[in-house]
Amino acid sequence: MHDSSIAKLPPTVYFSHTQRTLTIFDAYPKALFHFLILPRLSTTDNDVGQHDPNASSSASELTSLRTLLRRRTRAEETLRSLADEAARLREEIEREMRARYGFVWDLWIGFHAVPSMVHLHLHVISSDLTAPGLKTKRHYNSFSPCTSFFVPLSEVRAWFAAPQDEFVKIARLTPTEYEPRLKDALKCFRCGETLKNMPTLKNHLQEEFDVLRKQDVGKLKRKREAESASGSHAVPHRTEQAKKTARLSKSP
């Protein structure tokens, strides 16, 4: 997507972009923070007009993680760009977590083994799974660590250390292997309890998150009181960019 096209994206969609990536808000967020980072199609020439062997010149290569991994060298470069942008986004989200909720909880950064959208996209999603967009068993199991349908970016990047024949085997990401996992029982990823239906699971996840928040906010409060007593308390700041993440956050 060219810069001129990006400029036309509405603020409800667009979050940020770089030369290699575009970050957008997930249209149907499944957690308090849920973003997609997409690799941008680039030309085969770099900024000084020289051929760039790492440029992703074919849209077909960026259809999904499986198609990306067919070109090992280009895939590694693309994943590096996504990882760099995910690291920057993590900082923004964590600042917003502190500002709005008083504590920081885990973020999951990875891919669906079998994506629902055509064009490679990296999910950056907070590990609460308490947003209204989480409605079905398929939604939940596509992110729950219990099913392994969601493949962490760090795990994918580790595959490149494997010998070529093993890499090819792992990178197949065969749909028939992964799609049945979406039908697994609804098991809480925090405590392991199996819930009978989605309403029950959602109530349980909210209760688990509320307990986590109460515990962590209490710890932070005690830490700040200790720092204040010693004169070392620092007031966190919020950037304008960080404020944008609040648009998909529920009120406490």
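Some observations on this one:
- Scanning the stretch 112-131 turns up no residue that is farther than 19 Å from H34 by Cβ, modelled with pLDDT of 95 or more and open to solvent by less than 50 Å² (accessible area, probe 1.4 Å).
- Close pairs from the stretch 217-243: first at pLDDT below 80, partner open to solvent by 70 Å² or more (accessible area, probe 1.4 Å) and part of a helix (DSSP H, G or I), Cβ under 8 Å, at least 6 apart: H233/R224; P236/R98
- The C-beta contact set for the stretch 1-26 (first residue among the charged types (D, E, K, R), second residue at pLDDT below 95, distance under 8 angstrom, 6+ apart or interchain) comprises R20/R40; R20/S42; D26/L248.
- Lone qualifier among R100, R95, R74 - being modelled with pLDDT under 95, in a helix (DSSP H, G or I) and surrounded by 17 or more Cβ atoms within 10 Å (Cβ to Cβ): R74
- Flag for K202 being touching a residue at least 60 places away in the same chain (Cβ under 8 Å), surrounded by 11 or more Cβ atoms within 10 Å (Cβ to Cβ) and not hydrophobic (A, V, I, L, M, F, W, C): yes
The values are calculated or read from the model by the stated rules, or taken from the named source; none is laboratory data. It should be emphasised that the depicted structure is a prediction, and the values quoted were computed from it without experimental measurement. All Cβ positions, even for glycine, are placed from backbone atoms using ideal geometry, and neighbour counts span all protein chains on display. Surface areas here come from the heavy atoms of the whole protein model, side chains and all, with no ligands, DNA or RNA. Shrake-Rupley method; radii C 1.70, N 1.55, O 1.52, S 1.80 Å.
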